[in-house]
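Structure, as structure tokens:
Only the coordinates and a few stated rules stand behind these numbers; no lab work does. Here the structure is a predicted model, which means the values were calculated and not measured. Reconstructed Cβ throughout: ideal geometry from the backbone, glycine too, with neighbour counts over all protein chains shown.
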Amino acid sequence: MNREELCRAALKAMRTAYAPYSDYYVGAALECADGTVYTGCNIENASYTPTICAERVAIFKAVSDGKRDFKRIAVCGGKEGVVADIFPPCGVCRQVMSEFCTSAFEILMIRSEDPLQFETVTLVDLLPFRFTPEHLEQI
Ligand SMILES: [Zn+2]
């Protein structure tokens, strides 16, 4: 799947967001090294803290299917599903990406849907000096 197709998958996933409290819909599409794609949307909760981001839904779906090697993720979001600007992954999602992804892992942040525009950055761009499983091996 090319980058544009992955972005389109994230935009489609955004439509399934469950966001009755914020009205911010977020979508993600994660491409595994083997080409498999997992999508996710944000899922909110009335008690707020169980809310989970689209990126982690996609990553956890993949991990629960035994996937561990990821190539890139496309992310989009906006009020009521209207993409008006990039919607960068939150800090928690960046840390979850650090658990499974290399520094070169790509994050495609969608800026607009029509025409499709997105920014491509790497995980190390978003989370320099990241804490990884290798740090625990040094103890
Ligand atoms: Zn997040």
Q. Check T16: other-chain or 5+ apart residues with amide H under 5 Å from its amide H, H built from backbone geometry?
A. none
Q. Going through segment 12-121, which trypsin sites (Lys or Arg not before Pro) have at most 15 other Cβ atoms within 10 Å and a DSSP loop state?
A. R15, R68
Q) Mind checking Rg over Rh on the chain, alpha carbons, Kirkwood formula for Rh? A) 0.97
Q: Please give the net charge around A54, taking every other residue with its beta carbon less than 13 angstrom from that of A54, where Lys and Arg add +1 and Asp and Glu add -1.
A: +2
Q) In a shell of Cβ-Cβ distance under 14 Å around G77, excluding G77 itself, what net charge do Lys and Arg (+1) and Asp and Glu (-1) give? A) -2
Q.
Within segment 35-78, name every residue whose backbone N is under 14 Å away from a label modeled 7 Å from Cα of D125 along the Cβ vector.
A. 72-75
Q: Identify the GluC sites (Glu not before Pro) of segment 72-116 meeting these criteria: DSSP loop state and at most 10 other C-beta atoms within 10 Å of the C-beta.
A: E80
**Q.** Within straight-line cross-link reach of K71, lysines at Cα separation under 20 Å, skipping those fewer than 8 residues along the same chain
**A.** K12, K61
Q: First select every other residue whose beta carbon is under 10 angstrom from the beta carbon of V92; then total the charges, Lys and Arg +1, Asp and Glu -1.
A: +1
Q.
Between 0 and 90 degrees, rounded to the nearest ten: what's the tilt of helix 54-64 against the longest Cα principal axis of the chain?
A. 50 degrees
Q. In whole Å, how far is the Cα centre of segment 46-60 from that of segment 1-33?
A. 13 Å
Q) Which of F129, P50, P89 sits farthest toward the positive end of the charge dipole of the chain, with +1 on the Cβ of Lys and Arg and -1 on the Cβ of Asp and Glu? A) P50
**Q.** Estimated FRET transfer efficiency (C32, E80; beta-carbon r; R0 25 Å; 0.05)
**A.** 0.25
